[in-house]
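Read the structure below first, then the notes.
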Amino acid sequence: MRCYVCHQEIMLVVTWDTFWRPPKKEKICNDCLDEMKVLGEAGCPVCSREDSTGVCFDCKRWTKSHPDLLKRNTSVYHYNGFAKDLVARWKYRGDYVLIQSVEEQIVKAFDEAGYRNWPLIPIPLSDEREKERGFNQSEAIIELLNKSPVQALVRSHSEKQSKKGRLERIHSQNPFTLVEPICKPVVLVDDIYTTGTTVRHAASLLTEQGCPEVYSFTVFR
Amino acid sequence: MLKDFYNYFVPRFDWIPSSKPSHSHSHPELAGKLLQRNELHVPEEQLKYLIPQSVLTEVDAIERFVWGYQCRRCGNRKHDLFAKMPHANCGKECVYCRHCIQLGRVMDCEPLYYGSSSFQWLEYSRPCQWEGELSHHQEKAAAEITKTVHHGKGELLVWAVCGAGKTEMLYPGLTLALEKGKRVCLATPRVDVVRELYPRFQKAFPDVKIQALYGDSDEKRGDAPFLVATTHQLYRYAHAFDVIIIDEVDAFPYHNDPTLHFASKRAAKPDASIIYLTATPRKKFKRRIKSGNLPSVFIPRRFHGHPLPVPTLKMMYNLPSYSKRKLLPPAILNTIRRQQSTNRQLLLFFPSIKKAEETARTLYTRGYQVKSVHSEDPDRERKILQFRNKDYRILVTTTILERGVTFSSVDVFVIDAGHEVFDEAALVQIAGRAGRSPEDPDGEVIFFHSGKTNALLDAVDHIRDMNRLADRS
Ligand SMILES: [Zn+2]
Ligand SMILES: [Zn+2]
Ligand SMILES: [Zn+2]
Ligand SMILES: [Zn+2]
């Protein structure tokens, strides 16, 4: 078996455990796995930000301006240089299966967060973007979790503004439209949590239409 | 089924539409190209009439065999380098190639576009302005090359020692090709070789449209009759060239990447002349020469007539223990100091980037004018140029500079020459950096090691053999 990320042959270590059972198919080598930094327990309890003790500055600000919009964000990995390369190859080059290399840890983090039985809502892409990439990264993550997406949102204008600064983004128009109100707790799924604006835009529409609690699950933070 | 089996092992290119003279067109940028839709830069309306005219033809991108797939762009057949994805554009589960995905994702539901090679290239009259003279040996090789170009369909291996003057040997053959309106590509695995050869060809053929193509070259169009390119660029060509020259055919990554062999075969027209250049042929080529199914010409003598510098092996028991402490043994430092008191510059080879950089820092703090260059160095091109201009005295590097690059007057030291990255070919090439100029045809080559390897001994034997054969011829 070859590593999905660096294509090097993965050496199987034979232990008594693997000696009796057929070894499971590894999709990532130890070198690459070491580069992926799992976010620790510490950090911001709201957004999983690593370098913060207690609720982080950003989250405090959000609470002040938009209280209770997002209950909590759970992320799996620190968005470091290695992760950035991985995301670039996966999302922009369109190597769909690349994210499956870390499937195991993503599924584990998702289940530990207790999101398994809740509706999962993907962040929609514009038609143009989706055509360019051939897939929607949020839906790919939901697929990886072995769940079906609930298409509650559509995009009303394009992603171009993601280049703007944080303040601009918070005040910019909501790029989404809600097409299916849901009146139970939901989890928004996306690949990266940067400023938290995207998920909060989506969350505001959902809560306005009667959704009691909105959580988010993002792979990278 | 049997046909399938055969096709799986012998790549065939009958899926490439034949380019009939009746399809001749006025789009040099499309001639012999195999591209994805977004690489075409052709608006939809234009595509609508280029296809019926057979200027462009849609071909399936991924071929399905009983037991797997083959990517028609890169030739990849490895099971684990294909993947499936739910494809939003067509709503189906589609197969894509992971091997060449850096160039853009090739999918089985999206065609590749082949541009007919029926484009009439300019027939240059007297294109070569080079005024130098070929040595007796160079002339012999040049005659064989010209014969191969003239004859069309066929192969030739030019086995010429480092410093034999391979580039000049090509001039008569290139001249003939360009006079006949043939399209030529010189491809090499090494980007530094492209950068080195391109200006030389420009100077020798000043009126010919020549383009250099590599990963981050400014030039991207590939619409010239003469291309100098890295072998990776050939992933975008099919039945494009009448003459294809693979320089440094034994070099990494070409020699061990079957997809590059696939691409270069495909880039050649069915009746093309294929010329391989090497100073250190691999076993496969030597076997083909021996069995008589690969015509070859052998040039054991350098163009200036002097023998190849024979490396001295120096055993350094303490090399590993100093290396662990990120130091060099005093004996090596002394040798460097002595060398630096001469007029020659010094090329210092290390088995790894890390060791090269460490040593460059050490030597710098000791007051030497030194720089290091490695494969991931964004500044590589500039540093090589500065060294060539003698702006500094010591260049510390890895096998990345083992070949292709020439400096006029250098000594060459290899530290830890017994390391596995230095195979016979690499060591012969490295030693071949010394004594390149007729003004200074010698050069000291020292292999410092902590235990002789077969590669070390074979490399020295190889160089001695070449010198012996040169004396006899
Ligand atoms: Zn790996
Ligand atoms: Zn926070
Ligand atoms: Zn491919
Ligand atoms: Zn498709």
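The values are calculated or read from the model by the stated rules, or taken from the named source; none is laboratory data. Predicted model, so just to flag it, every value in this text is computed and none were measured. Glycine also receives a Cβ, built like all others from the backbone with ideal geometry; neighbour counts cover every protein chain displayed. Just so you know, the surface numbers come from the protein's heavy atoms only, side chains and all, with ligands and any DNA or RNA stripped out. Shrake-Rupley method; radii C 1.70, N 1.55, O 1.52, S 1.80 Å.
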Quiz item: Do you know which of the residues in region A:66-81 that are surrounded by fewer than 20 Cβ atoms within 10 Å (Cβ to Cβ) and within 22 Å of A:Val186 (Cα to Cα) is nearest to ligand 3 (Cβ to nearest atom)?
Solution: A:Arg72
Quiz item: Which residues, taken from region B:362-407, are exposed (fewer than 14 other Cβ atoms within 10 Å of the Cβ) and small (Gly, Ala, Ser)?
Solution: B:Gly367, B:Ser375
Quiz item: From the residues in region A:117-141 that are free of Cβ contacts under 8 Å to residues at least 24 places away in the same chain and of a type outside the set (Asp, Glu), which one is least open to solvent (accessible area, probe 1.4 Å)?
Solution: A:Asn136
Self-check item: Out of A:Leu167, A:Leu178, A:Leu145, sole residue that is away from chain B (no Cβ under 14 Å) and at pLDDT 95 or above
Solution: A:Leu145
Exercise. Hey, could you check region A:1-28 for residues that are surrounded by 12 or more Cβ atoms within 10 Å (Cβ to Cβ) and modelled with pLDDT under 65 and say which is nearest to the other protein chains (Cβ to nearest Cβ)?
Key: A:Pro23
Quiz item: Filter region A:98-113 for residues that are open to solvent by less than 10 Å² (accessible area, probe 1.4 Å) and touching a strand residue (DSSP E or B) at 6+ places or on another chain (Cβ under 8 Å); which is nearest to the other protein chains (Cβ to nearest Cβ)?
Solution: A:Ile99
Quiz item: Just for region A:114-142: of the residues that are among the aliphatic types (A, V, I, L, M) and within 12 Å of chain B (Cβ to nearest Cβ), which one is farthest from the chain's Cα centre (by Cα)?
Solution: A:Leu125
Exercise. Search region B:63-117 for residues being assigned to a helix (DSSP H, G or I) and farther than 30 Å from B:Leu50 by Cα, and hand back the single one that is farthest from ligand 1 (Cβ to nearest atom).
Key: B:His79
Practice problem: Give me a count of the residues in region B:14-46 that are among the hydroxyl-bearing types (Ser, Thr, Tyr) and open to solvent by less than 70 Å² (accessible area, probe 1.4 Å). | Solution: 1
Quiz item: Would you call A:Val154 open to solvent by 10 Å² or more (accessible area, probe 1.4 Å), aliphatic (A, V, I, L, M) and either in a helix (DSSP H, G or I) or without any contact (Cβ under 8 Å) to a residue 24 or more places away in the chain (or both)?
Solution: no
Practice problem: Look at region B:214-254 and say how many of its residues are closer than 20 Å to B:Phe201 by Cα, aromatic (Phe, Trp, Tyr) and in contact with a Gly (Cβ under 8 Å, 6 or more places away or on another chain). | Solution: 1
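Residues are listed down the side, and each one gets a yes or a no for (1) touching a residue at least 24 places away in the same chain (Cβ under 8 Å); (2) closer than 24 Å to B:Gly104 by Cα; (3) within 16 Å of ligand 1 (Cβ to nearest atom); (4) not in a strand (DSSP E or B):
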residue	(1), (2), (3), (4)
A:Val76	yes, no, no, no
A:Val97	yes, yes, yes, yes
A:Val102	yes, yes, yes, yes
A:Asp111	no, no, no, yes
Quiz item: Going by the conditions given, is B:Leu103 modelled with pLDDT under 95, hydrophobic (A, V, I, L, M, F, W, C) and either under 26 Å from B:Ser19 (Cβ atoms) or surrounded by fewer than 20 Cβ atoms within 10 Å (Cβ to Cβ) (or both)?
Solution: yes
Quiz prompt | Residue list for region B:205-242, restricted to those being in contact with a Ser or Thr (Cβ under 9 Å, 6 or more places away or on another chain) and of a type in the set (D, E, K, R) | solution = B:Asp242
Self-check item: Filtered residue count, region A:33-63, keeping only those that are more than 16 Å from ligand 1 (Cβ to nearest atom) and not in a helix (DSSP H, G or I)
Solution: 19
Quiz item: For B:Gly152, all conditions in the list (1) in contact with a helix residue (DSSP H, G or I) (Cβ under 9 Å, 6 or more places away or on another chain); (2) at positive phi hold save one; what is the number of the exception?
Solution: (1)
Self-check item: Matching residues in region B:75-109 - criterion: being of a type outside the set (D, E, K, R), over 19 Å from A:Arg89 (Cβ atoms) and more than 7 Å from chain A (Cβ to nearest Cβ)
Solution: B:Gly75, B:His79, B:Cys90, B:Gly91, B:Cys109
